[in-house]
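S.K.: Following this message is one structure expressed as structure tokens.
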Amino acid sequence: MRLIIAISTLLLLAADCHAGRRIEGSVRAVYDGDTIMLVTRESSRLKTRLYGIDAPETAKPDTPGQPFGEAAKRVLRGKVLGKRVTAEVVDVDQYQRTVAVIRFAGRDINREMVAEGMAWAYRRYLQGPYASEYLSAESRARSRRDGLWRDVNPQPPWEFRQPPAGGMHHGRQRR
């Protein structure tokens, strides 16, 4: 048990050390509309979650995806796959993924995903200067009915991931 506590403490300290860092690397994989694999100059592989956004879920082997999940993945792939980007590290999440604002050619890719209706501004985690930018971008995308906002009432991914009270997880129900 002491070993687990010690390892957990070291991981938390390491996470704090990375916050605020800028890391340059090439995007080698796009897992979905808000998660990429970044390979640094030192050949470190960092699974990276885009800060402040939540894209529709893509299908997994045991769960169906959400509407616009594959579209969001495709759009993000077109923006960053194979490109050298800068990751402005904000945090390390519970799954040990780097959480970062991704920039390419001076553009905030996270904000672009929200502005194009490919992701929600993730209010639960948004803070500081990004909050107003991302919330405004989402509001404009909603009013234009861009991307996922074409649906009358799209289900946010954080709700999709929650199991219904007393039942199976949404993603495990096949309809």
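The values are calculated or read from the model by the stated rules, or taken from the named source; none is laboratory data. Note that the structure is predicted; figures quoted are calculated from it, not measured. Here the Cβ is made from the backbone with ideal geometry for all residues, glycine too, and neighbour counts use every protein chain on show.
S.K.: Report whether or not Ala165 is modelled with pLDDT of 95 or more and among the small types (Gly, Ala, Ser).
M.R.: no
S.K.: What do you reckon, is Trp149 at pLDDT 95 or above and within 16 Å of the chain's Cα centre (by Cα)?
M.R.: no
S.K.: Residue by residue through segment 94-110, note down the ones that are more than 11 Å from the chain's Cα centre (by Cα) and either loosely packed, with under 15 Cβ neighbours inside 10 Å or over 18 Å from Arg77 (Cα atoms) (or both).
M.R.: Selection gives Gln94, Tyr95, Gln96, Ala105, Gly106, Arg107.
S.K.: Is it true that Gly82 is surrounded by 13 or more Cβ atoms within 10 Å (Cβ to Cβ), modelled with pLDDT of 95 or more and part of a loop (DSSP other than H, G, I, E, B)?
M.R.: no
S.K.: Could you please let me know if Lys73 is of a type in the set (Lys, Arg) and modelled with pLDDT under 95? So that I can check it myself, show each step before the final result.
M.R.: Details: of a type in the set (Lys, Arg): yes; modelled with pLDDT under 95: no.
No.
S.K.: Right, next: Name every residue in segment 113-148 that is crowded, with 19+ Cβ neighbours inside 10 Å and not in a loop (DSSP other than H, G, I, E, B), in order of residue number.
M.R.: Met113, Val114, Ala115, Trp120, Ala121, Tyr130, Tyr134, Ala137, Glu138, Ala141, Gly147, Leu148
S.K.: Turning to a different aspect of this structure: Could you list, in sequence order, all residues of segment 23-73 that are surrounded by 14 or more Cβ atoms within 10 Å (Cβ to Cβ), charged (D, E, K, R) and not in a strand (DSSP E or B)?
M.R.: Correct list: Asp34, Glu57, Glu70, Lys73.
S.K.: Here's a follow-up. Checking the structure you have, find out if any residue of segment 91-101 is in contact with a Leu (Cβ under 6 Å, 6 or more places away or on another chain), modelled with pLDDT of 95 or more, of a type outside the set (D, E, K, R) and under 22 Å from Ala141 (Cα atoms). I'd like the intermediate steps shown before the answer.
M.R.: Our first condition is that a residue be in contact with a Leu (Cβ under 6 Å, 6 or more places away or on another chain); within segment 91-101, this holds for 98.
Filter once more, so that each one left must be modelled with pLDDT of 95 or more: 98.
Pick out the ones that are also of a type outside the set (D, E, K, R) and you get 98.
With under 22 Å from Ala141 (Cα atoms) added as a condition, the list becomes none.
No, every residue in segment 91-101 fails to be in contact with a Leu (Cβ under 6 Å, 6 or more places away or on another chain), modelled with pLDDT of 95 or more, of a type outside the set (D, E, K, R) and under 22 Å from Ala141 (Cα atoms).
S.K.: I'm told Asp62 meets every condition in (1) farther than 22 Å from Asp151 by Cβ; (2) at pLDDT 95 or above; (3) of a type outside the set (A, V, I, L, M, F, W, C) except one. Can you identify the failing condition by its number?
M.R.: Here Asp62 clears every test but (2).
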